[in-house]
Amino acid sequence: MSNRNEAAQRVALMINDAERAMDVAMAKASLLVTELPNLQNEAGLHASWAQPVIVSVCSALGDMTTARGSIIGAHKSLSAIQRRLGIVMEDPRNPKEDEVPEGRRYPEVRAGRSETVIPLRA
């Protein structure tokens with residue numbers, strides 16, 4: 001493996017890890033927003049106690065959404081550079097559409113919950 005391919009592999013691992021970390025952070029923050037009202041009720045507190053926290057976490061989720069989009073944009077840019085340099089890489093943790101098993105493709109469409117699907121590829 002050439003130095004260029006090794007460097008590309010390290011970059012690919014880092015960008016994929018960053019994307020997954022952002023998804024985990026967003027999921028945890030979403031869970032916090034979901035659970036706070038229940039925890040507030042269990043503690044016997046008025047809604048005004050949790051409201052500032054919920055507002056702050058929701059604001060953070062908006063910022064995370066923007067950051068996630070930026071990371072995805074960076075991934076797309078890196079993929080374009082990879083193609084221009086002719087570097088071929090495979091990441092089993094990030095299969096492209098034609099490599100995803102049929103049962104895992106667009107589950108919301110199969111369930112009738114979506115009319116339009118636009119496949120994106122980083």
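Just to be sure, is GLN51 closer than 27 Å to ILE87 by Cα, surrounded by 11 or more Cβ atoms within 10 Å (Cβ to Cβ), at pLDDT below 95 and not small (Gly, Ala, Ser)?
Working: closer than 27 Å to ILE87 by Cα: no; surrounded by 11 or more Cβ atoms within 10 Å (Cβ to Cβ): yes; at pLDDT below 95: yes; not small (Gly, Ala, Ser): yes.
Here the answer is no, as GLN51 does not meet what is asked.
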Based on what the data block shows, is SER79 out of contact with any Gly (no Cβ under 9 Å at 6 or more places or on another chain), of a type in the set (Ser, Thr, Tyr), free of Cβ contacts under 8 Å to residues at least 60 places away in the same chain and loosely packed, with under 15 Cβ neighbours inside 10 Å? no
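Among the residues in the range 41-48, are any assigned to a helix (DSSP H, G or I), in contact with a Pro (Cβ under 9 Å, 6 or more places away or on another chain) and surrounded by fewer than 16 Cβ atoms within 10 Å (Cβ to Cβ)? Before the answer, list the steps.
So in the range 41-48, the residues assigned to a helix (DSSP H, G or I) come out as 41-42, 47-48.
Imposing the further condition that a residue be in contact with a Pro (Cβ under 9 Å, 6 or more places away or on another chain) reduces the set to 47.
This time we only want the ones that are surrounded by fewer than 16 Cβ atoms within 10 Å (Cβ to Cβ), so: 47.
The answer is yes; a qualifying residue exists.
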Answer with yes or no whether ALA21 is free of Cβ contacts under 8 Å to residues at least 40 places away in the same chain and either open to solvent by less than 60 Å² (accessible area, probe 1.4 Å) or assigned to a helix (DSSP H, G or I) (or both). yes
Please go through the range 49-90 and give me each residue that is at negative phi and part of a loop (DSSP other than H, G, I, E, B), ordered by number. ILE87, VAL88, MET89, GLU90
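The values are calculated or read from the model by the stated rules, or taken from the named source; none is laboratory data. What you are looking at is a predicted structure, and each value in this text was computed from that prediction instead of being measured. Heads up, the Cβs are rebuilt from the backbone with ideal geometry, glycines too, and the neighbour counts pull from every protein chain shown. Remember, those area values only see protein heavy atoms, side chains included, never the ligands or the DNA or RNA. Shrake-Rupley method; radii C 1.70, N 1.55, O 1.52, S 1.80 Å.
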